[in-house]
Amino acid sequence: MMQFAWQSYKRYAMGKNELRPLTRDGYEGNMFGGLSGATVIDSLDTLYLMELKEEFQEAKAWVEESFHLNVSGEASLFEVNIRYIGGLLSAFYLTGEEVFRIKAIKLGEKLLPAFETPTGIPKGVVNFKSGSNRSWGWAMAGGSSILAEFGSLHLEFLHLTQLSGNQVFAEKVRNIRKVLRDIDKPFGLYPNFLSPVSGNWMQHHVSVGGLGDSFYEYLIKSWLMSAKTDMEAKDMYYEALEAIETHLLNVSPGGLTYIAEWRGGILDHKMGHLACFSGGMIALGAEDAKEEKRAHYRELAAQITKTCHESYARSDTKLGPEAFWFNSGREAVATQTSESYYILRPEVVESYMYLWRQTHDPIYREWGWEVVMALEKYCRTEAGFSGIQDVYSKVPDHDNKQQTFFLAETLKTTFTGSGAVLKRIGDVGPCLADPADVLDEQLLFLCEETGLGDTAMSHQAQTFLSTENVYETCSLAIPGPKHRRFALQPRGFDSLPFVLEVFWFLLDFAFSLQLCFLTDFKYSFQNHVLSEMVSSNKLNLKVFAHTHTKP
Ligand code: DMJ
């Protein structure tokens, strides 16, 4: 899927911000101030992590040669930060290539005028030419900054300081933190609109979805990114979550847990697709919560994620709407056509990924696989992936946009949640850190072969070995004298005659890339033990190349 999305973009829109798959051309949009190539830059880490080496080199070459910063339009501070600076920083940390570091810092400097306000709370829009700034016209008549926007700069800006030595970036976001920490909060909640001039809330609308969402995410991730030293971020996160739970959390008559939106004490019983990232966030944060709250947060995360899955399961396409409601006897469905669209968003699969990693419950991979299938069926066009206007119609009405976050987030999250097994087959990682994870004696033998230790058989291992889906596994040719390939065999064939062996070898060698792509996902979702071990780097994949599995 990633290869198809990338190749389509490259073919029809290389260097533009986004691909329009129906018209087969590129689209620049009006959020990036004249910057181009948002898809290239947002995709860098996904390409790298998927080991799509050729494609990554193409993207890198484009950044080196064609990503120009001498632009003069109006840009969204938030969007440029998350897509361009975030993309460049990730690429730098993965590769150490200077080009990414230098361009990230230069671009960061171009955003600084947004912070020239009486409070230091940045405005949403910066003019690259004049260095002036303004708030969005739709944000309280142009007088307000948005919580999710100015609250989602902290991670990148700290790294800009670290990589440049220039303290200004860190100072800007520390000041935002201070304003938010010190201000009075209604019932401990953070409203979405704040005046960058007076530093007062402009309206009491609170949401974990649009306008608020990533502010909360950045708090818990700031805590984690600081190696758990940023106590302020930690405290702010858990306090905010408690207030959200007290005032926004609800359970529907049908038993679905959801986070409503709050308007000065009145609830809108709706949840946006964007709010579905919160299942993953709460799961992530559960680890460092007070002992007595951990199990509760894990359960809450699971319940919210289940609700978001319901919003997908209750549609005809098995993709979820932009917003879904809990009222008038309806639950987890959109109530208006204007909220029935799906634009390739990542939040729901992101929660599946976190929940999978935390619980190892295979249901999250089943759900992830459902999304992959639905994307293939309803969002794939001849020239790339597209959003759809109505998730309740089986006849897709494509919106003609392959969003950058589809490659940067949706596919990456699906991939990392799947374990990404076979693409990393050449890796040599630490094997079997935990003996309880060992699968069988053959694995033991192979682990010894790599010199990595003693093992014992586990219950999980037996479950894995009795999983017949193993036979749907994709294959790759594995180099090295000690390594044989892991054959793609038709179900029911335990050992194949030599001629067929050769045939299968040639077949899967020739088609490995194409074959792997889909079977990889299916395999990964279904065979959770293997996938998890790989994704948590407990397993040397070459071991599995030797593993003989039961039918
Ligand atoms: C992404 O651009 C980011 O994750 C943002 O924080 C909110 N969600 C969109 C994709 O839906």
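List of remarks:
- When the test is whether a residue is more than 16 Å from the ligand (Cβ to nearest atom), within 16 Å of Ala283 (Cα to Cα) and touching a residue at least 24 places away in the same chain (Cβ under 8 Å), Ile220 does not pass it.
- Pairs where the first residue, in segment 262-287, is more than 22 Å from Arg330 (Cα to Cα) and the second is open to solvent by 40 Å² or more (accessible area, probe 1.4 Å) and away from the ligand (no atom under 16 Å from the Cβ), C-beta under 7 Å, 6+ apart: Gly264/His204; Ala283/Arg298; Ala283/Gln358; Ala286/Arg294; Ala286/Arg298
- Residue in segment 395-411 that is nearest to the ligand (Cβ to nearest atom), counting only those that are assigned to a loop (DSSP other than H, G, I, E, B) and touching an Asp or Glu at 6+ places or on another chain (Cβ under 7 Å): Gln403
- Counted residues, segment 315-354 - those being farther than 22 Å from Ala5 by Cβ, open to solvent by 40 Å² or more (accessible area, probe 1.4 Å) and within 13 Å of the ligand (Cβ to nearest atom): 0
- The single condition from (1) open to solvent by 30 Å² or more (accessible area, probe 1.4 Å); (2) over 18 Å from Ala91 (Cα atoms); (3) of a type in the set (A, V, I, L, M); (4) within 28 Å of the chain's Cα centre (by Cα) that Leu158 fails is (2).
- Single unsatisfied condition, Asn70 versus (1) within 16 Å of the ligand (Cβ to nearest atom); (2) at pLDDT 95 or above: (1)
- Condition met for Arg345 (charged (D, E, K, R) and within 22 Å of Ser214 (Cβ to Cβ)): yes
- The residues listed here are Tyr312, Tyr297; of these, the one that is closer than 21 Å to Ala260 by Cα, of a type in the set (Phe, Trp, Tyr), part of a helix (DSSP H, G or I) and more than 16 Å from the ligand (Cβ to nearest atom) is Tyr297.
- Test: residue in segment 273-288 that is of a type outside the set (Gly, Ala, Ser), more than 16 Å from the ligand (Cβ to nearest atom) and surrounded by fewer than 18 Cβ atoms within 10 Å (Cβ to Cβ): yes
- Residue in segment 151-169 that is closer than 23 Å to Leu189 by Cβ, at pLDDT below 95 and of a type outside the set (Gly, Ala, Ser) present: no
- Residue in segment 348-364 that is of a type in the set (Gly, Ala, Ser) and more than 22 Å from the chain's Cα centre (by Cα) present: no
- If you go through segment 380-394 and keep only what is part of a loop (DSSP other than H, G, I, E, B) and more than 14 Å from the ligand (Cβ to nearest atom), you end up with Glu382, Ala383, Ser386, Gln389, Asp390, Val391, Tyr392, Ser393, Lys394.
- Hey, Glu292 of a type in the set (Asp, Glu), within 16 Å of the ligand (Cβ to nearest atom), open to solvent by 30 Å² or more (accessible area, probe 1.4 Å) and not in a strand (DSSP E or B) or not: no
- Hits in segment 244-302 (condition: among the charged types (D, E, K, R) and touching a Gly at 6+ places or on another chain (Cβ under 8 Å)): Glu261
- Index of the failed condition, Tyr190 passing every other in (1) without any contact (Cβ under 8 Å) to a residue 60 or more places away in the chain; (2) more than 16 Å from the ligand (Cβ to nearest atom): (2)
- Residue check, Val179 in contact (Cβ under 8 Å) with a residue 40 or more places away in the chain and either within 16 Å of the ligand (Cβ to nearest atom) or open to solvent by 50 Å² or more (accessible area, probe 1.4 Å) (or both): no
- Identity of the residue in segment 82-102, among the hydroxyl-bearing types (Ser, Thr, Tyr) and within 16 Å of the ligand (Cβ to nearest atom), that ends up surrounded by the fewest Cβ atoms within 10 Å (Cβ to Cβ): Ser90
- Of all residues in segment 251-267 being open to solvent by less than 40 Å² (accessible area, probe 1.4 Å) and outside any loop (DSSP other than H, G, I, E, B), the one that is farthest from the ligand (Cβ to nearest atom): Thr257
- Being part of a helix (DSSP H, G or I) and within 16 Å of the ligand (Cβ to nearest atom) is a property that Ile105 lacks.
- Subset of segment 123-147 [within 16 Å of the ligand (Cβ to nearest atom), buried (at least 23 other Cβ atoms within 10 Å of the Cβ) and either in a loop (DSSP other than H, G, I, E, B) or modelled with pLDDT under 95 (or both)]: Gly124
- Failed item, numbered, when Thr307 is tested on (1) over 16 Å from the mean Cα position of the chain (by Cα); (2) on the phi > 0 side of the Ramachandran plot; (3) at pLDDT 95 or above: (2)
- All positions within segment 148-172 that are more than 16 Å from the ligand (Cβ to nearest atom) and part of a helix (DSSP H, G or I): Leu158, His159, Leu160, Thr161, Gln162, Leu163, Ser164, Val168, Phe169, Ala170, Glu171, Lys172
The values are calculated or read from the model by the stated rules, or taken from the named source; none is laboratory data. Computed from a predicted model, the values in this text were never measured in an experiment. So basically every Cβ, Gly included, is an ideal-geometry build from the backbone, and we count neighbours across all protein chains shown. Ligands, DNA and RNA are stripped out before the accessible areas are found, and what is left, the full protein with its side chains, is counted by its heavy atoms. Shrake-Rupley method; radii C 1.70, N 1.55, O 1.52, S 1.80 Å.
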